[in-house]
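Read-outs: derived from the displayed coordinates by stated rules, not from any lab. What you see is a predicted model, and the numbers here were worked out from it, not measured in a lab. Glycine also receives a Cβ, built like all others from the backbone with ideal geometry; neighbour counts cover every protein chain displayed.
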DNA sequence: GCCGTTTTCGGCCCGACTGTTTTCAGTCG
């Protein structure tokens, strides 16, 4: 999928056009095009091949020609020319919070800075104050902005943002004047990384809330402190924005601040078409006397309803077809925490986990699960204390003993078996056939050709005993890219062989990602959500990120393996064994 | 530059805060 790659180029064109002060609607057209490409479900090369590029919303005659040019020649001449005429530092300055195109150009033209280091020096020497409309405060903010960029270096993983946001929401909820409080933004949509944390509160006394917020003990620096809006940097260098609205606007505001931006724009257009206006205070209709009357706003549900839509869950508010589905009344019942009956990928202290088998039973029961798949590493993974075949035999006996003592819960015998470079499994058939669930995964030799890796993984899926393919791309968010693999070919093989594919719920993996999981499910692949837990006290909670990813992929309980009972689970893989043998 | 249930031309989402100014431009989400 090169969609993101081309989307980034259109964004760059938009940035440069903005710096040049071009027509803002033209700039917006490139931004929309970029967003559309990034979110498109189908592969751009495929669409180009079918001559169907203009079917993507926001892609018309000009943009599709530029996409074709890029596919054919590997470059867009127009962008090359723009780059030629635009010094890099102008674009770099745009990344500083508070610096936009106008300021960037002003600084460059008047001071001739060549780099962000140059700019920082100019700020420290107070030379920025020589410029019109820049005084002490702006200069300080630019300096702090550069430092922020250097320290934070980009986006925050979901696994960091979610607990922090939850803590802030519960601290704020303790304030007397708070009516409702929630986090919003890309965090509420459960994106795998977020740029900042957005918090929304309803209250009759906004200023008290803003005061309370800017004085929380997590705050390092206050960026903004208005009547209804506050913004801080935490000690971990994460930006947190707070908005306070009256109760009658809470739903409209929650909707607005949850986004996505593209989803909101569609909603606003819909409101306009119906002669209404939607903003963060509500949905308004003009009365005959010319005054505005609120028709909805207290809850998100009533906003959608007043727009003639069925409620759309936050995770799918990305303008990838949810508005149309909602108009038709066809929003799926997304899988939720209540549907999950067990965890499919858990390590114990037999390999690199910290818990005994008994601890796992207690932790599983504590979460209301009916089963857990014990999936310790196989013998090749020595670094993680992988189990020799003899130790696995002993573990199987031990699991039987633990299960005998337990009512209403079952430890399933499993293993996370290495997929060897030739596609075979790191375990003899004699042992494989004694296991309930065989999780298979690549843990070594990542750097092979895309073709070989695809064959290797498909080879493992064709093994009659493999049940679930774990973390199919091997990516570690912000650390390691996915290895080269043809996922669509893997999905076809999984559907063909009756093998499930994992959404690994660990926040540093989330592998499959939502877009890929959606494609897999559309091809008929059953999806299992596993936490890859090494410590139940910390890692069992990661199920929520796996669920978030599944929901972003539009998945219902029917698509998910671990919404099934133990019996149904086991029968699925017995069927596969029979078919493949 | 895109797009059409007020349309093939004339629109294109909306509001808060900051910092600099005396009424608002720039930035952000």
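For the reader, a short list of remarks on this structure follows.
- Tensor-based shape of segment A:184-229 (alpha-carbon gyration tensor, a/c under 1.5 rounded, otherwise prolate or oblate): oblate
- Neighbour counting of Cβ atoms within 10 Å sorts the residues A:396, A:485, fewest neighbours leading, into A:396, A:485.
- A full extension of the chain between residue A:277 and residue A:389 corresponds to an added length of 33.6 nm, given 0.36 nm per residue minus the alpha carbon distance.
- Distance from the alpha carbon centroid of segment A:244-299 to that of segment A:1-39 works out to 27 angstrom.
- Rough spin-label spacing in nm, given labels placed 7 Å along Cα→Cβ, for residue A:126 and residue A:170: 4.8
- Rounded to the nearest 10 degrees, the inclination of helix A:261-273 to the longest alpha-carbon principal axis of chain A is 60 degrees.
- Rg of the Cα atoms in segment A:418-522, relative to 2.2 N^0.38 Å, amounts to 1.01.
- Cβ-derived FRET efficiency at R0 30 Å, residue A:94 paired with residue A:237, nearest 0.05: 0.90
- Only helices enter the 222 nm calculation for chain A: every DSSP H run of n ≥ 4 contributes -39,500 (n - 2.57), and dividing by all residues gives -13500 deg cm²/dmol, rounded to 500.
- Arranged from fewest to most other beta-carbon atoms within 10 Å of their beta carbon, A:446, A:213 become A:446, A:213.
- Full extension of the chain segment joining residue A:52 with residue A:24 gains 7.4 nm, where the gain is 0.36 nm per residue of separation less the Cα-Cα distance.
- Normalised by the number of residues in segment A:356-461, the average gap of Cα pairs under 8 Å and 6 or more apart makes the relative contact order 26 percent.
- Estimated inter-spin distance, residue A:476 and residue A:4, nm [label 7 Å along Cα→Cβ]: 1.7
- Whether segment A:313-462 is rounded, prolate or oblate, judged on the alpha carbon gyration tensor where a/c under 1.5 counts as rounded: oblate
- Förster radius 30 Å - calculated FRET efficiency between residue A:489 and residue A:72, Cβ distance, rounded to 0.05: 0.75
- Average Cα contact separation per residue, chain A, under 8 Å, 6 or more apart, as relative contact order %: 9
- Compared with the alpha-carbon gap, the fully stretched path from residue A:301 to residue A:62 is longer by 82.1 nm at 0.36 nm per residue.
- Relative contact order for segment A:1-100, counting Cα pairs under 8 Å that sit 6 or more residues apart, in percent: 28
- Rounded tilt (10° steps) of A:24-39 against the dominant C-alpha axis of chain A: 0
- At an R0 of 25 angstrom, the distance between the Cβ atoms of residue A:81 and residue A:115 translates into a FRET efficiency of 0.60.
- Chain A: angle of helix A:450-461 to the longest principal axis, Cα-based, in degrees nearest 10: 40
- Centroid-to-centroid, using Cα positions, segment A:500-539 and segment A:46-80 are 33 Å apart.
- Projected label points at residue A:522 and residue A:327, each 7 Å from Cα along the beta carbon direction, are separated by 1.9 nanometres.
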